[in-house]
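Reviewing the structure listed below.
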Amino acid sequence: MNVSKNPTAKLKRKISEWRGVLFTAPTVTGLIIILRLTGLLQSLEWAALDQFYRRRPAEAIDDRIVIVGINESDLKRIGKWPISDEILTKLLLKIKAQQPRAIALDLYRDLPVESGHQELVKVFESTPNLIGIEKVVGNESGLAISPSPVLSRLGRVAANDVVLDSDGKIRRGVLFLTPENKNPIPSLGLSLAMIYLQAEGITPQSAENGSLKLGKTVFVPFEASDGSYVGADAGGYQILLNFRGRSGNFPTVSMMDILANRIPADLVRDRASAPLRDRIVLIGPTAASLNDFFYTPYSGGLRDSVQRMTGVEIHAHLTSQILSAAIEGRSLIKTWPDPLEYGWIFLWSCVGAVLSWQLQSWRWTAGSALVAISGLLGGSFLAFLNSWWIPVIPPILSFSSSTVAIVAYIAQIERQDRKTVMNLFGRHVNPQIAEAIWRDRDQFLNDGRLKGQRLTATVLFTDLKDFSTIAENLEPEVLMSWLNEYMEAMSQLVLANGGVVDKFIGDAVMAVFGVPIPSTTEDAIANDAKAAVHCALQMGATLELLNELWKTQGRPIVAMRVGIATGTVVTGSLGSSQRLDYTTIGDSVNVAARLESYDKSIDGGLCRILINEETYQYIHGSFVTKLIASVQLKGREQMTPIYQVLLEC
């Protein structure tokens, strides 16, 4: 049956060839996904996300929001903390006079502070666009903190809670908190944005699955497994924070500058006379000593090893994100669903496995891997620039793991193939042939066996005259030593002439010229035949030297017979899985054996060499020969011309 025309056979062959890739890619993918689900990759993926934030170009300053910061200089001027109700009243009146759209007081005011409390209450009651804060959820840094009783009674209180990841950084913003047995409480950022958007004619609407829709954007709630998160606390209504950039993305003025009427004229665009009009004003501490700072994705970089962002600025980023999304359609940070992320990991596992399998070279694989990983990082960063957060670390790990696994698999196959070649050939080929076999091993090997192939080769058989008589008269140890010395010398001559020692049979040697790398031209086949005859002549010369040595040692001296036949043979692995031998079979093998044993009375000196007609045709003109006879050899129907080689021309 022709395998090339059998689709099933072709498929099976392909599966066999690619079984390492077919096994490695899904296995590595499964292991990486399991590793990811344990949360062990979470911190690495956060680190990659942080790098994307740092390298993304900062967006334009959002002058819809102005921060009134209470800095170290302000604290020195007032000489105490918290600031008194009297000073806070003056500050709020100054700001209110400029007609901002919303005012946020990011200061806890659950208790009166010194004098001026009644005046502060009046300001609270007369400023409908003023929002106070409360801390809803207690944590390691403190207990929940109640809001101002006045603002709470007026329903103008928001939560200023922030969500910290396990590495202490803020990457998520809160829209609503849902305390147990209480109504949802909006965050400070959302409350300010809602006041601003209401003036723009944008009101909240309910979208699919109860999501909040504001203007051009639906705010899809954060889920516990979004992005690289594993089992995150998704309580309340959270979104991924899409920071505008590092610190300094909002116009900022100090508290004392407000009180002293020193607001810079160019604080915001087109508002020289009233810089705060129609703006959102966020009042909060910015002094380092007050420690209202948080780590963000911009903390920990090479340039910003200790940079932290103030709490008031984090609220400003959330407010800005909501406004930009609702008014301008600025995209939120989006993530893929889990099945798509798993498919992404599998894709890169396949890329790593296929790439390393196809290249099968450490140098090329390493270079290609560098290019592939660079492309992955670059593509992921471009996706982030378009507000998509896609996995980076898992695909890099799956790609790298598959690459290493396939390289190791290839190395294991090579070790097995080398072992197969060495087991099959051992010392029976010269280094040049062994190197050629190893270089083209894919053509020769098939499942640990050498593939059977039909080719034209020259077979050489040798045998010692009267060996049985000699063996009877020698001690076994002496016989084996003497015979091994002879075999060693003869096999070295075979290798030196480019032949393969097929086997030793008692005192006989079988060698083949033109295998396992087939000779495909007439000239190459002729060279094989000439090499075999030249080898036989060298055997005779070497035997003469051995006889001289053995004679001095008192050991037997012998003569030998050689039969050489050129023709079609079949070569390959023969045997069981426990024991394999490389061998040559075919009619030419039988002819060479018959020529060696033909008419032992024909004199040939120390080394009688008989060849068949085909060998004669290939060596004619290179050696002195004579026709002995044309006979019907045992097992053959046709007559076989027999020639004797006398010497080289």
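The values are calculated or read from the model by the stated rules, or taken from the named source; none is laboratory data. Small disclaimer: the values here were computed from a predicted structure and weren't measured. Cβ: placed from backbone, ideal geometry, glycine included. Neighbour counts: every protein chain shown.
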**Prompt:** So is F381 at negative phi, outside any loop (DSSP other than H, G, I, E, B) and touching a Lys or Arg at 6+ places or on another chain (Cβ under 8 Å) or not?
**Reply:** yes
**Message:** Going by what's in this entry, would L633 be described as in a helix (DSSP H, G or I) and not charged (D, E, K, R)?
**Reply:** no
**Item:** Residue list for segment 495-554, restricted to those being of a type in the set (S, T, N, Q) and farther than 22 Å from W482 by Cα
**Value:** N497, S519, T520, T521, N527
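Can you find even one residue in segment 274-290 that is free of Cβ contacts under 8 Å to residues at least 40 places away in the same chain and either outside any strand (DSSP E or B) or surrounded by fewer than 19 Cβ atoms within 10 Å (Cβ to Cβ) (or both)?
First, the residues of segment 274-290 that are free of Cβ contacts under 8 Å to residues at least 40 places away in the same chain: none.
Among the residues of segment 274-290, not one is free of Cβ contacts under 8 Å to residues at least 40 places away in the same chain and either outside any strand (DSSP E or B) or surrounded by fewer than 19 Cβ atoms within 10 Å (Cβ to Cβ) (or both), which makes the answer no.
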**Request:** Note down all Cβ pairs under 7 Å where the first residue falls in segment 148-160 and is more than 14 Å from T178 (Cα to Cα) and in the same structural domain as S191 (by TED's automatic domain parsing), the second is part of a loop (DSSP other than H, G, I, E, B) and acidic (D, E), and they're at least six residues apart or on different chains.
**Result:** S148/D110
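If we keep just the residues of segment 635-646 that are over 18 Å from T568 (Cβ atoms) and touching a helix residue (DSSP H, G or I) at 6+ places or on another chain (Cβ under 6 Å), which is surrounded by the most Cβ atoms within 10 Å (Cβ to Cβ)?
Going through the qualifying residues, I end up with V645.
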**Prompt:** Before we move on, is S402 in a helix (DSSP H, G or I), surrounded by 18 or more Cβ atoms within 10 Å (Cβ to Cβ) and modelled with pLDDT of 95 or more?
**Reply:** no
**Item:** Lone qualifier among E313, E328 - being in the same structural domain as T252 (by TED's automatic domain parsing), surrounded by fewer than 16 Cβ atoms within 10 Å (Cβ to Cβ) and not hydroxyl-bearing (S, T, Y)
**Value:** E328
**Request:** List every residue pair whose Cβ atoms lie under 6 Å apart, where the two residues are 6 or more positions apart in sequence or sit on different chains, the first residue falls within segment 495-516 and is in the same structural domain as A593 (by TED's automatic domain parsing) and within 12 Å of F461 (Cβ to Cβ), and the second residue, located anywhere, is among the acidic types (D, E) and part of a strand (DSSP E or B).
**Result:** A508/D463; M510/D502; V512/D502
**Prompt:** surrounded by fewer than 19 Cβ atoms within 10 Å (Cβ to Cβ) and under 30 Å from L92 (Cβ atoms): does that describe G248?
**Reply:** yes
**Message:** Considering only residues that are within 60 Å of the chain's Cα centre (by Cα) and either buried (at least 18 other Cβ atoms within 10 Å of the Cβ) or not assigned by TED's automatic domain parsing to the domain that holds I258 (or both), which ones fall in segment 84-99?
**Reply:** L88, L91, L92, I95, Q98
**Prompt:** What number of residues in segment 494-520 are touching a Lys or Arg at 6+ places or on another chain (Cβ under 6 Å) and assigned to a loop (DSSP other than H, G, I, E, B)?
**Reply:** 0
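Kindly indicate whether S320 is outside any loop (DSSP other than H, G, I, E, B), surrounded by fewer than 14 Cβ atoms within 10 Å (Cβ to Cβ) and among the hydroxyl-bearing types (S, T, Y). Spell out how you get there, then give the answer.
Values: outside any loop (DSSP other than H, G, I, E, B): yes; surrounded by fewer than 14 Cβ atoms within 10 Å (Cβ to Cβ): no; among the hydroxyl-bearing types (S, T, Y): yes.
No, not satisfied.
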**Residue, surrounded by the most Cβ atoms within 10 Å (Cβ to Cβ), within segment 100-136, restricted to residues that are touching a residue at least 60 places away in the same chain (Cβ under 8 Å) and more than 54 Å from the chain's Cα centre (by Cα)** = P100
